[in-house]
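Please treat every number below as a calculation from the coordinates, not as lab data. Computed from a prediction, not measured in an experiment: that's the story for all the values here. As a convention, Cβ positions derive from the backbone with ideal geometry for all residues, glycine included, and neighbour counts pool all protein chains shown.
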Amino acid sequence: MTDCIFCKIARGEIPSRKVYEDEDILAFHDINPLAPVHFMIIPKVHVANLYDGDMSHQAVLGKILGKAGELARSQGLDDGFRLIVNTGRISHQEVYHLHVHILGGPEVLGPMLKR
Ligand code: 5GP
Ligand code: ZN
């Protein structure tokens, strides 16, 4: 996907504040943070969202979750954090390249959803 903004970030064509990178995944800070710490982990391969993910993405999706705690701690989140994976219209997904948001900071998150 040449015109996908997160593919461009993964290729280094658009700058980002990098948290972590390896051959499969990239973590970088959200440009418009919703919490004191807000970064995203993406697969380098283009996958639009979890509807398009399948078992061929098992390794990279596992790696994203496997790295989440370590990367959260590296950004100072040692008392908890939240993952959000917006998927499709109802979730208000804006960028159609799968990304796992990691959000945290002292006492800012509140309950998961309001009743
Ligand atoms: P979504 O609503 O799709 O789950 O979240 C997309 C996120 O990507 C938003 O929080 C938005 O601030 C972030 N974002 C959009 N464009 C850029 C960009 O060019 N660079 C960075 N670092 N974040 C971006
Ligand atoms: Zn992409």
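Taking the C-alpha atoms only, the angle from helix 58-74 to the longest principal axis of the chain is near 40 degrees.
Taking only DSSP H segments of four or more residues, each worth -39500 (n - 2.57), what value at 222 nm results for the chain once the sum is divided by all its residues, to the nearest 500 deg cm²/dmol? Spell out each step's value before the answer.
Working: 2 runs with 23 residues, N = 115.
About -6000 deg cm²/dmol.
Per-residue Cβ neighbour counts within 10 Å put Leu103, Leu83 in the sequence Leu83, Leu103, beginning with the fewest. If I take every Cα pair under 8 Å that is 6 or more residues apart in the chain, average their sequence separation and divide by the length, what percent do I get for the relative contact order? That works out to 29 percent. Can you give the translational diffusion coefficient of region 5-104 in µm²/s, computed by Stokes-Einstein from the Kirkwood radius over Cα pairs at 37 °C and 0.692 mPa s? Roughly 241 µm²/s, to the nearest whole number. Between Asn49, Asn32, Asn86, where does the largest GNM mean-square fluctuation fall for the chain, given springs only between Cα atoms within less than 10 Å? Its mean-square fluctuation being the largest, the pick is Asn32.
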